[in-house]
Amino acid sequence: MRIGELSRRTGVSPRSLRYYEEQGVLTSSRSDAGQRHYSDAAVQRVSLIRQLFDAGMSSRVIATVLPCVDVPGDLGVAEETFTAMMRERDRIDADIAHLAETRDALDVLIRANSRHRAELSTAPEPEAQSA
């Protein structure tokens, strides 16, 4: 199938599909006219790639993980994939910890702002100065 058909079947833009190829996570063959042609299996491949992107993985990590799908019986590939997934999980844990710290800092600012607003709402109005 051509890139437009793959795009329609997957809901992924042709631009993204070309990007996937540039990153080495999707392959196509080329016609004599240079048009991309994809196998029917590309639909499932794109779906998997989207799931991995949606999980927050970078194209570099996805390229490391996908060989496990392509060569499921290779222990070396499985070990490399496991290591990549553990690194990615550690990265996500660090991101979560950073976000929690950021949220806590924002909570401090929100409380301070709430107190300030309360003080302003109970403060007497300043008298108008005459010129």
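Report the residue count in the stretch 80-108 for those that are of a type in the set (Asp, Glu), closer than 21 Å to LEU52 by Cβ and at pLDDT 90 or above.
To start, the set of residues in the stretch 80-108 that are of a type in the set (Asp, Glu) comprises 80, 88, 90, 93, 95, 101, 104, 107.
Still in the running and closer than 21 Å to LEU52 by Cβ: 80, 88, 90, 93, 95.
From what is left, the residues that are at pLDDT 90 or above are 90, 93, 95.
Total meeting the criteria: 3.
Considering each residue of the stretch 1-26, count those that are buried (at least 17 other Cβ atoms within 10 Å of the Cβ) and in a loop (DSSP other than H, G, I, E, B), and give that number.
Matching residues across the stretch 1-26 total 3.
With the checklist (1) aliphatic (A, V, I, L, M); (2) within 20 Å of SER47 (Cα to Cα); (3) within 21 Å of the chain's Cα centre (by Cα) in hand, flag the one item VAL71 doesn't pass.
All conditions are met except number (3).
What pairs come out if I take residues in the stretch 65-82 that are free of Cβ contacts under 8 Å to residues at least 12 places away in the same chain and β-branched (Val, Ile, Thr) and pair them with residues that are surrounded by 10 or more Cβ atoms within 10 Å (Cβ to Cβ) and in a helix (DSSP H, G or I) whose C-beta lies under 9 Å away, six or more apart or interchain?
From residues that are free of Cβ contacts under 8 Å to residues at least 12 places away in the same chain and β-branched (Val, Ile, Thr), the pairs are VAL71/VAL77; VAL71/ALA78; VAL77/PRO67; VAL77/CYS68.
The rows are residues; the columns are (1) among the aromatic types (Phe, Trp, Tyr); (2) loosely packed, with under 14 Cβ neighbours inside 10 Å; (3) under 25 Å from ILE3 (Cβ atoms).
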| residue | (1), (2), (3) |
| --- | --- |
| SER28 | no, no, yes |
| LEU48 | no, no, yes |
| ASP54 | no, yes, yes |
| PRO72 | no, yes, no |
| MET85 | no, no, no |
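Does ALA42 count as out of contact with any Asp or Glu (no Cβ under 9 Å at 6 or more places or on another chain) and either exposed (fewer than 10 other Cβ atoms within 10 Å of the Cβ) or at negative phi (or both)? Reasoning before the result, please.
Numbers: out of contact with any Asp or Glu (no Cβ under 9 Å at 6 or more places or on another chain): yes; either exposed (fewer than 10 other Cβ atoms within 10 Å of the Cβ) or at negative phi (or both): yes.
So ALA42 fits the description; yes.
Looking at the stretch 13-24, I want the residues that are within 11 Å of VAL46 (Cβ to Cβ) and at pLDDT 95 or above and have a partner that is assigned to a helix (DSSP H, G or I) and open to solvent by 50 Å² or more (accessible area, probe 1.4 Å) with Cβ atoms under 8 Å, at least 6 apart or on another chain. Which pairs are those?
Cβ pairs passing all conditions: none.
Quick one: which residue in GLU127, GLU119, GLU79 is over 30 Å from ALA42 (Cβ atoms), in a helix (DSSP H, G or I), out of contact with any helix residue (DSSP H, G or I) (no Cβ under 6 Å at 6 or more places or on another chain) and open to solvent by 90 Å² or more (accessible area, probe 1.4 Å)? I'd like the intermediate steps shown before the answer.
Working: GLU127 fails: in a helix (DSSP H, G or I); GLU79 fails: over 30 Å from ALA42 (Cβ atoms).
One residue alone meets the criteria, GLU119.
The values are calculated or read from the model by the stated rules, or taken from the named source; none is laboratory data. What you see is a predicted model, and the numbers here were worked out from it, not measured in a lab. Cβ: placed from backbone, ideal geometry, glycine included. Neighbour counts: every protein chain shown. What goes into the accessible areas is simple: the full protein's heavy atoms, side chains included, and nothing from ligands, DNA or RNA. Shrake-Rupley method; radii C 1.70, N 1.55, O 1.52, S 1.80 Å.
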